[in-house]
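A.B. asks: Below you'll find the structure I mean.
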Amino acid sequence: MAKSDAFGNKAIKVPFFQPFIGKNDKDAVVDALGSTLLTDGPILQKFENDFSKFTGSKFGVGVSNATSALHLSLKALGIGKGDEIIIPDMTFVATANSVLLSGATPVLADVNDDMNLSPESVEKSLTKKTKAIMPVHFAGKACDIKKIKKIAQSNGLSLIEDCAHAIGTKIGTQHVGTFGDVGCFSFYPTKNITTLEGGMIVAKSQKLADRAKSLRNHGITKSLLQRYSEGNPWDYDVIEPGYNYRLDEVRSALGISQLKQISKLNALRRKAFEYYNKELGGEKGIGIPKLPKHEEHACHLYIVKIHKEFGLTRDRLFKKLLSAGIRTSVHYKPLHRFTILKKRGKIYDSIKNSEKIYQKIISLPLYPSLTTDEQDYVIEQIKHYYKS
């Protein structure tokens, strides 16, 4: 598979990410394009059923992206203006945006050293206005969802799992996204499987799934298939305003094809993850991520911490690696640093751990087609810059 820099820089030797789209994926897309029904049809239904079966959930709702999945989940749970939703300070801004779009207020809580939401900080962030907790399974590692679920249950709160990084993440045999009321997944190009853009809600109740399905399609009470299978196609109702958050047949076909390969794709990610750990684990000044026992880690991101002993700051290492033709990134700038969250978010507990971690973390290239030679080059450059 030929590799090139997504942004046209010919000096890049190791891209940060490369899509994994094979012949079967392309054939599935072409076949779907031959259909006369290109949205809200049987291919979407199959993808929803396949993904539900994969996660062990009862109901699946395919949507346009993970942000819309989070937004619809909040709306389906009746969350809105005046409510507070506890989210981690360290996550992609989509988590907070979904709360703001629902009319509620995001409450930023601190994270543990693994960058997952701290249950202790959640407890300190509870108020009379709290209506839900929205933890993120960060970088493919499950958060302490069992403890967070207990907090939610004891306080009568909804639990929405942000599983954007966690396709294939399990605790024991239970897939994340099935511990709470709903789980929300992402199929963005860099995720463990992709539909280019797309997302999925997995829900425990038929009521939540049905409301999400209506809301994703302008609030219309019937699906396209239902409208044209019985009675007059224009004879439907709209009970509440909805959105255009649909996932079409073409992207659903790609999702079905990609999902068939998830075991292989995640195994390749894990192999690369473990190789980094083996080669960087003994280096002073570098903190490597742990692979937990009794859990299945989706290995979505490979994030190391650059400590003072390394001799270079994270930002200096980023520039050095880029000059050597290696793309890296940072996941993420904490939410409390964004203007919109300074204005419309709330903080009740210290978020010092989030800020401290942010200064140290850097994400190295990780994707299924990453070769050992490419990893060796990345590792060699990091070791070269140690105390340089």
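A.B. asks: Shape of region 230-388 from its Cα gyration tensor (a ≥ b ≥ c, root eigenvalues): rounded if a/c is under 1.5, otherwise prolate when a/b > b/c, or oblate?
C.D. replies: Judged from the Cα gyration tensor, region 230-388 comes out oblate (a/c at least 1.5, b/c at or above a/b).
A.B. asks: Read phi for every residue in region 284-293 and hand back ³J(HN,Hα) as whole Hz from Karplus 6.51 cos²θ - 1.76 cosθ + 1.60, θ = phi - 60°, with x for Gly and Pro.
C.D. replies: Calculated HN-Hα couplings, in order: 5, x, 10, x, 9, x, 9, 9, x, 7 Hz.
A.B. asks: Along the principal axes of its C-alpha atoms, what lengths does region 39-140 span, in descending order and rounded to whole Å?
C.D. replies: Principal axes ranked by extent give 45, 32, 22 Å for the Cα atoms.
A.B. asks: Ok, one more. Assuming a ≥ b ≥ c are the square roots of the Cα gyration tensor eigenvalues, decide whether the chain counts as rounded (a/c under 1.5), prolate (otherwise, with a/b larger than b/c) or oblate.
C.D. replies: It comes out oblate by the Cα gyration axes.
A.B. asks: What share of the DSSP beta bridges in region 23-259 is antiparallel, in percent to the nearest 5?
C.D. replies: 55 percent
A.B. asks: Given 46/75; 150/284; 213/260; 53/124; 131/360, which pairs have Cα atoms separated by over 30 Å?
C.D. replies: From 46/75; 150/284; 213/260; 53/124; 131/360, over 30 Å: 150/284; 53/124; 131/360.
A.B. asks: Ok, one more. Show me the chymotrypsin sites (Phe, Trp or Tyr not before Pro) within region 1-89 that DSSP assigns to loop and that have at most 12 other Cβ atoms within 10 Å of their Cβ.
C.D. replies: Those that pass, being in a loop and sparsely packed, are 7.
A.B. asks: If you look at just the Cα atoms of region 311-388, how large are its Rg and its Dmax in Å?
C.D. replies: Using the Cα atoms of region 311-388, the pair Rg, Dmax is 16.0, 47 Å.
A.B. asks: When the chain is treated as a GNM, springs tying every alpha-carbon pair under 10 Å, which of 209, 139, 267 comes out with the largest mean-square fluctuation?
C.D. replies: Most flexible of the set in this elastic network: 267.
A.B. asks: Let me ask something additional. Region 1-88: which trypsin sites (Lys or Arg not before Pro) are DSSP loop and have at most 11 other beta-carbon atoms within 10 angstrom?
C.D. replies: Details: sites: 3, 10, 13, 23, 26, 46, 53, 58, 75, 81; in loops: 3, 10, 13, 58, 81.
Qualifying residues, ordered by number: 10, 81.
A.B. asks: Now for a different question. Could you tell me the center-to-center distance, by alpha carbons, between region 308-378 and region 14-69 in angstrom?
C.D. replies: 30 Å
Readers should treat all values here as calculations from the given coordinates under stated rules, not as data from a laboratory. Every value quoted in this text rests on a predicted model; they were computed, and no experiment measured them. A quick note on method: Cβ atoms are made from the backbone with ideal geometry, for glycine too, and the neighbour counts reach across all protein chains shown.
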